[in-house]
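Chemist: One structure follows; several queries about it will come next.
The values are calculated or read from the model by the stated rules, or taken from the named source; none is laboratory data. Keep in mind the model is a prediction, meaning the values are calculated, not measured. All Cβ positions, even for glycine, are placed from backbone atoms using ideal geometry, and neighbour counts span all protein chains on display. Areas reflect the complete protein model, heavy atoms only, side chains present, ligands, DNA and RNA absent. Shrake-Rupley method; radii C 1.70, N 1.55, O 1.52, S 1.80 Å.
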Amino acid sequence: MLEVIVENQYGEKLNMTSNNNFELVQITRLTPNNAIINSSNLGLQDGAIFNSSKLDVRNITMMIVPQNNLEKSRIELYKFFRSKQYIKIHLKTNYRSVWIDGRIENVEGDLFENPQRLQPSIICHDPYFKAEEIQSIDFAKVKSEFSFEWTPIAEGQSLSSFEQYSKVNIINPSEDETGIILEFVAMGTVLEPTVFNETMRQRFTIEYEMLAGDKMILNTCRGKKSLIVIRDGVETNIINRINKDSNWFTLKTGDNVFSHTCVFGAENLFLTLKMQPVYQGV
């Protein structure tokens, strides 16, 4: 069973598959999208040489039949389907819960047709479906040191301890490589943190000194590459602090291994890696 929920730019949601006022009779382009294959012809030989390939923008269309009070139901749909406006489509099956967003190209329909049918067309510039749930892995954890029954000792008993990992593994279930979000939180002075993607043999060095309380966010996702630091509630773009030999990380499908180091203060750094699986089809 496929559940379809649309969300407009104001966060309002409408369930299209469980609604007495509408019947969703068709939705297209939910399977893997068209690819653009670039090649060069060979002058005196058969065939061509492959140059590159990429996924084209995705064009999703729906066929919606208003029910009951047709005019009222049709106008209710306009709250979610307005030309040029943002829309987010949530899709849920037995195996996947994903979303994709885009812009309304048009809404076609004939008001004199019986039954009336409305056909919104949505252009999704990012053709991938993204998982609703974001995976998160910490490079450290708080380890419990205190439990009942408890007998006090002379030198005192710690309630917990901070345990850091030199390496972490993250499984990417995506159907393609995807970017990540790294969050750095400083509990003391941290100088020039470097993160290694050992699986892809990539590294990313930030030539910056973090102070206690600073939070730095590195985003390597398609079309969203950025590096910002938040200090005393003020957000600053520090993309100019990226070492020139750094690589914008991607996760290959399957297992990925990450590690990190610092010029100074590695024990003061709390690092979290986040990734959102992407899929070519539902």
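Chemist: Taking 0.36 nm per residue of sequence separation and subtracting the Cα-Cα distance, how much length would be gained by fully extending the chain between I230 and E23, in nm to one decimal? Don't skip to the end; give the middle numbers.
Modeler: Working: separation 207, 0.36 × 207 = 74.52 nm, distance 4.68 nm.
Contour length minus the Cα-Cα distance gives 69.8 nm.
Chemist: Sort the following peptides by mean Cβ neighbour count (other Cβ atoms within 10 Å, averaged over residues), highest first: 65-72, 122-129, 169-176, 234-241. It would help to have the intermediate numbers written out before the result.
Modeler: Numbers: 65-72: 13.1, 122-129: 18.9, 169-176: 15.9, 234-241: 11.0.
Packing proxy ranking, top to bottom: 122-129, 169-176, 65-72, 234-241.
Chemist: Which of rounded, prolate, oblate describes the stretch 218-282, given a ≥ b ≥ c as roots of the alpha-carbon gyration tensor eigenvalues and a/c under 1.5 marking rounded, otherwise prolate only if a/b is larger than b/c? Kindly include the intermediate steps, with their values, before the conclusion.
Modeler: Numbers: a/c = 1.87, a/b = 1.44, b/c = 1.30.
Prolate.
Chemist: Sticking with this one: Can you tell me the order of 274-280, 78-84 when each peptide is scored by its average per-residue count of other Cβ atoms within 10 angstrom, highest first? Don't skip to the end; give the middle numbers.
Modeler: On the way: 274-280: 19.7, 78-84: 14.6.
With the highest mean Cβ count within 10 Å placed first, the list reads 274-280, 78-84.
Chemist: Explain nothing, just the number: dipole magnitude of the chain about its Cα centre with +1 on each Lys and Arg Cβ and -1 on each Asp and Glu Cβ, in debye rounded to the nearest 20. Each step should come with its number before you reach the end.
Modeler: On the way: 29 positive and 35 negative charges, 138 e Å.
The calculation lands at about 660 debye.
Chemist: With a point put 7 Å past each Cα toward its Cβ, work out how far N51 is from K72 in nm, to one decimal.
Modeler: Using points 7 Å along Cα→Cβ, the separation is 5.7 nm.
Chemist: Using the alpha carbons of the chain, what is the convex hull volume per residue in cubic angstrom, as a whole number?
Modeler: Dividing the Cα hull volume of the chain by its residue count gives 236 Å³.
Chemist: If the cut-off is 19 Å between C-alpha atoms, which aspartates and glutamates fall inside it for K224, apart from same-chain ones fewer than 8 positions away?
Modeler: Candidates past the 8-residue exclusion: D56, D101, D126, E132, E133, D176, E177, E183, E235.
Chemist: Run the accessible area of the chain with a 1.4 Å probe and give the carbon-and-sulfur part as a rounded percent. Please list the in-between numbers first.
Modeler: On the way: 7760 of 16230 Å².
Reported share for carbon and sulfur atoms: 48 percent.
Chemist: Taking 0.36 nm per intervening residue step and subtracting the Cα-Cα distance, what contour gain separates K13 from N59 on full extension? Walk me through the numbers on the way to the answer.
Modeler: Details: separation 46, 0.36 × 46 = 16.56 nm, distance 2.07 nm.
Extra length from K13 to N59 when fully extended: 14.5 nm.
Chemist: In the stretch 171-224, which trypsin sites (Lys or Arg not before Pro) are in a loop and have at most 10 other Cβ atoms within 10 Å, using DSSP for the loop call? Walk me through the intermediate numbers first.
Modeler: Working: sites: R201, R203, K215, R222, K224; in loops: R201, R222, K224.
Within the stretch 171-224, the qualifying trypsin sites (Lys or Arg not before Pro) (loop, at most 10 other Cβ atoms within 10 Å) are R201, K224.
Chemist: Taking one equal scatterer on every alpha-carbon of the stretch 68-129, how large is log10 of I(q)/I(0) by Debye at q = 0.13 1/Å?
Modeler: Normalising to I(0) and taking log10 leaves -0.44.
Chemist: Calculate, for E267 and N34, the FRET efficiency according to 1/(1 + (r/R0)^6) with r their C-beta to C-beta distance and R0 45 Å; round to the nearest 0.05. Spell out each step's value before the answer.
Modeler: Numbers: r = 50 Å, r/R0 = 1.11.
According to the calculation, E is roughly 0.35.
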